[in-house]
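Have a look at the structure below before the remarks.
The values are calculated or read from the model by the stated rules, or taken from the named source; none is laboratory data. Remember, it's a predicted structure, so these values are computed and weren't measured experimentally. When we count neighbours, we look across all protein chains shown, and the Cβ atoms used for this are built from the backbone with ideal geometry, even at glycine. Areas reflect the complete protein model, heavy atoms only, side chains present, ligands, DNA and RNA absent. Shrake-Rupley method; radii C 1.70, N 1.55, O 1.52, S 1.80 Å.
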Amino acid sequence: MNEFLRRMLFLPEQASSFAQDVDRLHYFVILTTILMSTAVGLCALFFFVRYRRRSEHQTTPHVTPSALVEATFIGIPLALFLLWFAIGYREYVRQTTPPPDTMDVYVMAKKWMWKFAYPDGPNAVNVLRIPANRPVRLLMTSQDVIHSFFVPSFRVKQDVVPGRYTQTWFEATEPGRYEILCAEYCGAGHSIMRGEVIVMKPEEYEDWLQGVRRGLARRQDGTNTPLEFVPPASSLSEQGRLISISAGCVKCHTVDGTRHIGPTWLDMYGRKEKMQNGQTVVIDEGYMTESIMDPLAKIVAGYEPVMPSYQNKLAGPEIAALVEYMKSLQSDAVKIGPPEGPVYAPIRGR
Amino acid sequence: MLRSADGNHTLGAGAGPAPTYLRDGTTVLSWLNTRDHKRVGVMFLISVVVFFFLGGSFAMALRLKLLQPGPFLFDALTYNRLFTLHGIVMIFFFMIPAIPSAFGNFLIPLMIGARDVAFPRLNLFSFYVYLTGAAIALWGMIHGGADTGWTFYTPYSSTTSTQVFPIILGLFVIGFSSILTGINFIVTVHTLRAPGLTWMRLPLFVWATYATSIIQVLATPVLGLALAVVGVENVMGFGLFDPARGGDPLLFQHLFWFYSHPAVYIMVLPAMGVISEAICTFARKNPFGYKAIAMSSLGIAFVGFFAWGHHMFVTGQSGLTNGIFAVISMLVGVFTAIKVFNWVGTLYRGAILFTTPFLYICGFLFFLVFGGMTGIALATVSLDVHWHDGYFVVAHFHFIMVGAVIMAFLAGLHYWFPKMFGRTYHEGWGLVAATLIILGFNATFIPQFLLGNYGMPRRYYQYPERFQALNVASTAGASLLAFGLIIIVIYLTLALRWGKRCEQNPWGSKGFEWMTPSPPPTHNFDEIPTITQEPHDYRTHAPSGVFHAR
């Protein structure tokens, strides 16, 4: 039934958690509208046939409705409309109230493109990748004029207004690709301000995220330009930190001076270390790179030779980023860099 | 006031039957310098029809472009200018003055038994203000036009380089015409009613126009103010609405819709008034629920002022605000439903005559019910999210504005054509054109409802290919609609010159406007009538008409 009516009414596929509920009300509303129009039409048609003019000088009685009839005329539409409202408003509140554990993505609209930024990762233009079955909240602002973020398949639309943040949320249920359209007129390119939501299976999404994080250093000058309003994830050492997490380095190496499976990275750069073979080595860029590519060549005394090689697993620039990160881990270093996270308080719809 | 205006035109008493208003001075100057409400009404009628065809040709250009999903015929900027001009011309130059300024001017004094409106000079002035505003805006259109949409949303309109300023200035000026006409009608209805014409005997068209006038007087200044600021902002970089200069873009939307939502009722209420009159005549029946129809006009005028927020459901407005505006919008729907039920009730135990105007009345009822209920559906907040700024909205308001208002305009035009010009038109062609228009109209806008469901946003120059089939269907329907309208222009123009002359009351109506000869003499009444009954009381005597029962 749902599928039949959806196709009859040309509605797009239902790819978000609330799409089907919105459509159910849609069916109810459209069917009652058609029913009421038909009823009024049939009634008029009946009167038209029954009370057609029979003679030129025909007179008609003076008929006025009783109070009860008028009350019915008021009561029926009022009750029907309030019923629509009650169902619709309840649904709307659900539609605009994000659950507490959303994955947040920042959206910046400008003539005529959509830019997406993930707080802990990559930026993208016109393509929003999200995992299925996870509530996603979009915090949106515009750089120039008003735009409107519209994904027909999710039944989601929210104006994107310059000078303020608006939010919307959805939970995509089906992996696939869904069109993003701009619904608020914004000039010559309004109709081509289109993007795409790519909904991925959660594990595929994780893989993609890892891959992007690793590839960040490689893609500094690539197509994905960073968003202006998010601190770039880009200082080389910051990229190294992300790689150290994604590549699993920090499972064995600590950054706070404590001893673990491998030596700590804190204050490592420039330190003199005694090797298993008795040799003393000054830890410099060369040694670090060698240890990543061929870990067993020089083992620091007191540690087991357990580290796997990252030859062919990390690209040259990624190793450079890692090395830069290790160098930055000085206990007496002054911390510099951009502040973490957004500087405004995101709005919550609760 | 009344006497002096009267004195300008009346020939010496007792010199035979007074000439009709059409024959009382036939020079161009005698028209341009007239104080006669009927002549002002006719001049308004001609102007709005010209603008209707101008706006319609813009619409046809848009529909032709939309045959193809990609770039076609002209570029995106031209397309954006065209839909802006289509909206501005249709709403401000045609729809708002169409029924009140043309039919209202002609009929209100006749219906209330007065010799003219309260301020005949102001009435003529209002016409020239209208022409001036239109001329300024046309100048702007020729010199580049605007590409903001008729809604002028900031900050787009504050920053666009197209000719926003002259167009806004034109609309600002035209607003005064609307206000002046509104004041004139309010005063006329209050002060110039014939003896015995109590408020509860007032024809329903007068009630509807009276309610409209209140909206015109109260709401138009707000639009004038908001547009003036946009104009100043665009030219001088004032910063009230543009956030880049410290302004608030949503403030503009609040001000704009505070006028433009009631403006919908400025267009629709007089249309409802036309239907209330015509349906009584063709059903030969007193209005079922006179008080309900009259009071719901005032109700719509009042409640309509507090429903504007439903245009802003997805702007980020708070959920509570949205809920309040949604409920208020539903009330407007209830008032409209009362009218619809009472019109259908009027047919009950009537003596219905099927004519061209009656066919338009049927079309009107269907479009108003379907268009109105889709409006309530749009006010149902969760559904609006998907439909907002999409083709569903476009289809909905065209159902109301083209469907209902044009149907009523055409119904009124055919119903009162004998009153205005003393001649009848070709009934057969009338029915053909009406059928074409109603069918063409459905074929144009029902696909647009479906396009809206499908997800096509409005104001799209290019669109994804899956929308093409429905767009082609819509364009085909629009061609049919245009064809029907052209037929009307032809046979009505011919009827002006060669139409069969008709008697005073060809429909056998008991509406008060038929108390005078058709066309009326300049001073309307030789003797101011005394009203002794309600309008459309067909209990005692049904006057004959040239259109016989079939």
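Residues of B:364-377, mean number of Cβ from any other protein chain within 10 Å of their own Cβ, rounded to a whole number?
For this peptide, the per-residue mean of nearby foreign Cβ atoms is 5.
Tell me which residues come under 5 Å, amide H to amide H, from B:G247 once H is placed; ignore anything under 5 positions away on its chain.
The list, which skips near neighbours in sequence, is B:D242.
Taking the alpha-carbon centroid of each part, what is the distance from the range B:104-155 to the range A:151-217 in angstrom?
With the range B:104-155 and the range A:151-217 each reduced to a Cα centre, they are spaced 45 Å.
Over the range A:138-179, what is the mean sequence separation of C-alpha contacts under 8 Å (at least six apart), divided by residue count, expressed as relative contact order in percent?
41
Once ligands and nucleic acids are excluded and a 1.4 Å probe is used, how much of B:W343 is accessible, expressed in Å² to the nearest 10?
Probe radius 1.4 Å; accessible area of B:W343 about 0 Å².
What does the charge count around B:P71 come to, taking other residues whose C-beta lies under 14 Å from its C-beta (Lys +1, Arg +1, Asp -1, Glu -1)?
-1
In the range B:442-550, what percent of the accessible surface is made up of carbon and sulfur (1.4 Å probe, ligands and nucleic acids excluded)?
60
Nearest 0.05, what FRET efficiency do A:A86 and B:I486 give at R0 = 45 Å with Cβ-Cβ as r?
0.45
Using modelled amide H (1.01 Å from N, peptide plane; none on Pro or chain starts), what sits under 5 Å from the amide H of B:R423, excluding residues fewer than 5 places away?
B:C502
If one puts a single equal scatterer on every Cα of the range A:1-100 and applies the Debye formula without solvent, what log₁₀ I(q)/I(0) results at q = 0.10 Å⁻¹?
Calculated log10 I(q)/I(0) at the listed q: -0.50.
Explain nothing, just compute: Karplus ³J(HN,Hα) = 6.51 cos²θ - 1.76 cosθ + 1.60, θ = phi - 60°, for every residue of the range B:482-489 in order, whole Hz, x for Gly and Pro.
Running phi through 6.51 cos²θ - 1.76 cosθ + 1.60 with θ = phi - 60° gives 4, 4, x, 5, 5, 4, 4, 4 Hz.
Could you work out how far helix A:202-215 tilts from the main Cα principal axis of chain A, as a 0 to 90 degree angle to the nearest 10?
50
What do you reckon, how do B:T336, B:T346, A:T72 stack up by accessible area (1.4 Å probe), largest on top? Each step should come with its number before you reach the end.
Values: B:T336 25, B:T346 0, A:T72 65 Å².
Heavy-atom accessible area, descending, gives A:T72, B:T336, B:T346.
Give the Debye-formula value of log10 I(q)/I(0) at each listed q (0.10 Å⁻¹), with one equal scatterer per alpha carbon of the protein assembly as shown, two decimals each.
-1.09
Kindly give Rg over Rh for chain B, based on alpha-carbon atoms, with the Kirkwood expression for the hydrodynamic radius. Numbers along the way, then the final one.
Numbers: Rg = 23.0 Å, Rh = 23.9 Å.
In chain B, Rg relative to Rh is 0.96.
Run the dipole for the range A:1-64 about the Cα centre, Lys and Arg Cβ at +1, Asp and Glu Cβ at -1, nothing else charged, and hand back the magnitude in debye, nearest 20.
Approximately 500 debye in magnitude.
Would you kindly state the longest site-free stretch of chain B, with sites defined as GluC sites (Glu not before Pro) in a DSSP loop (not H, G, I, E, B) surrounded by at most 15 other Cβ atoms within 10 Å? Can you show the working numbers first?
Working: sites that count: B:E503, B:E527.
Between the exposed loop sites, the longest stretch runs B:1-502.
What list of ³J(HN,Hα) couplings, whole Hz, do you get for the range B:165-170 from phi and the Karplus terms 6.51, -1.76, 1.60, once you set θ to phi - 60° and write x for glycine and proline?
With the stated coefficients, the range B:165-170 comes to 4, x, 5, 5, 4, x Hz.
At 1.4 Å probe size, put A:T289, B:T380 in order of accessible surface, largest to smallest.
The ranking, largest first, comes out as A:T289, B:T380.
What full-extension length gain, to one decimal in nm, is calculated for B:Q504 and B:I142 as 0.36 nm per residue of separation minus the Cα-Cα distance?
Extra length available between B:Q504 and B:I142 comes to 125.8 nm.
Lys/Arg Cβ at +1, Asp/Glu Cβ at -1, dipole of chain B taken about the Cα centre: which of B:V385, B:L359, B:S297 is farthest positive-ward?
Toward the positive end, the furthest listed residue is B:L359.
What nm value, rounded to one decimal, do you get for the distance between A:E290 and A:R54 when each label is placed 7 Å out toward the C-beta?
So the label points at A:E290 and A:R54 sit 11.6 nm apart.
Counting each DSSP H run of 4 or more residues in the protein assembly as shown as -39500 (n - 2.57), what helix-only mean residue ellipticity at 222 nm follows after dividing by all residues, to the nearest 500 deg cm²/dmol?
-17500 deg cm²/dmol
Compute the distance in nm between two label points, each set 7 Å from the Cα along the Cα-to-Cβ direction, one at A:E273 and one at B:T132.
With each label placed 7 Å out from Cα toward Cβ, I get 8.8 nm.
Relative to the longest principal axis of the C-alpha atoms of chain A, give the angle of the C-alpha long axis of helix A:316-328, reported between 0 and 90° and rounded to the nearest 10°.
Roughly 70 degrees between the two axes.
Which whole-Hz ³J(HN,Hα) couplings does the range B:20-37 yield from phi under the Karplus relation 6.51 cos²θ - 1.76 cosθ + 1.60, θ = phi - 60°, glycine and proline marked x?
Along the range B:20-37, the couplings run 5, 4, 6, 9, 7, x, 10, 6, 4, 4, 5, 7, 5, 10, 6, 10, 6, 4 Hz.
Under 8 Å for C-alpha pairs, at least 6 residues apart: give me the relative contact order for chain A, rounded to a whole percent.
14
When the accessible area of chain A is split by element with a 1.4 Å probe, what percent falls to carbon and sulfur?
Roughly 59 percent of what the probe reaches on chain A is carbon or sulfur.
Once all Cα-Cα distances of the range B:402-464 are split into 5 Å bins that start at 0, what whole-number percent is in each one?
Each 5 Å bin holds this share of Cα pairs: 4, 13, 18, 18, 14, 10, 8, 7, 6, 2, 0.
Quick one: putting +1 on the C-beta of Lys and Arg, -1 on the C-beta of Asp and Glu, what dipole do you get for the range B:157-301 around its Cα centre, in Debye to the nearest 20?
Numbers: 6 positive and 4 negative charges, 149 e Å.
Approximately 720 debye in magnitude.
Hey, can you grab everything whose amide H is under 5 Å from the amide H of A:I180? Only 5+ residues off in sequence or another chain; H modelled, so Pro and N-termini drop out.
Close amide H contacts, sequence-distant or interchain: A:G195, A:E196, A:V197.
Write down the Kirkwood hydrodynamic radius of the range B:405-550, to one decimal in angstroms, obtained as one divided by the mean of 1/r over all alpha carbon pairs.
Taking every pair of different Cα atoms in the range B:405-550, averaging 1/r and inverting gives 18.4 Å.
Mind putting together the pair-distance distribution for the range A:76-171? All Cα pairs, 5 Å bins, whole percent per bin, short to long.
3, 12, 20, 23, 16, 10, 7, 5, 3, 1, 0
Considering the Cα positions of chain A, please state its Rg to one decimal place and its Dmax as a whole number of Å.
Both quantities, over Cα of chain A: 31.6, 126 Å.
How large is the Rg to Rh ratio of the range B:329-437 when both quantities use alpha carbon positions and Rh follows Kirkwood? Write out the running numbers ahead of the final one.
Working: Rg = 16.3 Å, Rh = 15.4 Å.
My calculation puts Rg/Rh at 1.06.
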